[in-house]
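Notes for the one structure printed next.
The values are calculated or read from the model by the stated rules, or taken from the named source; none is laboratory data. Quick caveat: nothing in here was measured; it's all calculated off a predicted structure. Don't worry about glycine lacking a Cβ; one is built from the backbone with ideal geometry, like all the others, and counts go over all protein chains shown.
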Amino acid sequence: MTVPHNIDFDNLKPEEFEHILPDLFATGDGKVSQDPRLKRFLAANPDCAALVSDLETIAETARSLFEPVAEPSDRVWQNIQAMLQEDSVLASIDDDYIDPGAPLD
Amino acid sequence: MTQALPSRTNPGLYKRNPPIAGEAEAIEAAQNGDAEAFAKLYNLHKRRVYTLCLRMLGNVSEAEDMTQNAFLHLFRKLGSFRGESAFSTWLHRLTVNLVLMHLRKKGLSLVSLEETVNPSDDDTPRRDFGSRDQILAGSVDRVTLERAVAALPPGYRMVFVLHDVEGYEHNEIAVMLDCSTGNSKSQLHKARLRLRELLRNPSPPHPSVYPESEQ
């Protein structure tokens, strides 16, 4: 799903805009409000402009959530330490997960 | 099943995970069996791993269990870390993979992942533009957004956290969730629309996600 090439941005309707909005956000740097193709449309459709503004605010604020906010209880480390003492527990760890270091096909 | 390292396709993610002072030495020592070095790695990364689990699972107890599981896997797999990406990037990916595997095993799983990331019709955000007299800019901070994210349906929350918070690309999320790239984009958009609704009409915070000290 990408923004269709035949979109007439000068005569865009709100329904069409809504339809292509996920792709508009997914392309470029996600700054839909700065897209020159949409300047006239957004100026003429303040509800759409408000929607774009809100979604950009949400995406921008979300980046601040990257920093951790919570800490596990001491029980977690105590359990880890206890389990590391038992080789059988380590050996039983399920190996059937996606290796984060595996190369791309 | 093979995966891409996020750092290869998403330099931005690598930038968000800069090396931590003393981390490289701790990794090397832990790879050689130094228990104190492993404890140091735990202390350096426990909050971020736990926060990631909490956001993805929405439940303190499960998040603690998954944090424990992630570090046990780390202990076992540390020797395979080759330093091709930031250690925290690698550890996050390991954690995400474990959480997704846990959810599949739980039953979110036994239906196809495509369904897993599709909440019911009742959860679908309304397809209207809403009133523009309540612009969110300036009224949303990380605390209010965090609470709204906790109230999202699990499928929406998963894609939102992976893309907007953790910085994964849609093609990476599609591989992780075994869905199409288009589906990932669509789910993210619906998640943001739902968040907009939640932020404009806030409800009390989700009790299982926020410890009292966080509220």
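Per-structure values
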| item | result |
| --- | --- |
| Flag for B:Asn183 being surrounded by fewer than 23 Cβ atoms within 10 Å (Cβ to Cβ), in contact (Cβ under 8 Å) with a residue 40 or more places away in the chain, touching an Asp or Glu at 6+ places or on another chain (Cβ under 7 Å) and on the phi < 0 side of the Ramachandran plot | yes |
| Per-region count, the stretch A:40-64, residues under 15 Å from the mean Cα position of the chain (by Cα), surrounded by fewer than 19 Cβ atoms within 10 Å (Cβ to Cβ) and either more than 7 Å from every other protein chain (Cβ to nearest Cβ) or among the charged types (D, E, K, R) (or both) | 2 |
| Unmet requirement for B:Glu84, which otherwise passes all of (1) at pLDDT below 95; (2) assigned to a helix (DSSP H, G or I); (3) more than 15 Å from the chain's Cα centre (by Cα) | (2) |
| Residue check, A:Pro100 more than 18 Å from B:Arg196 (Cα to Cα), at pLDDT below 90 and within 7 Å of another protein chain (Cβ to nearest Cβ) | yes |
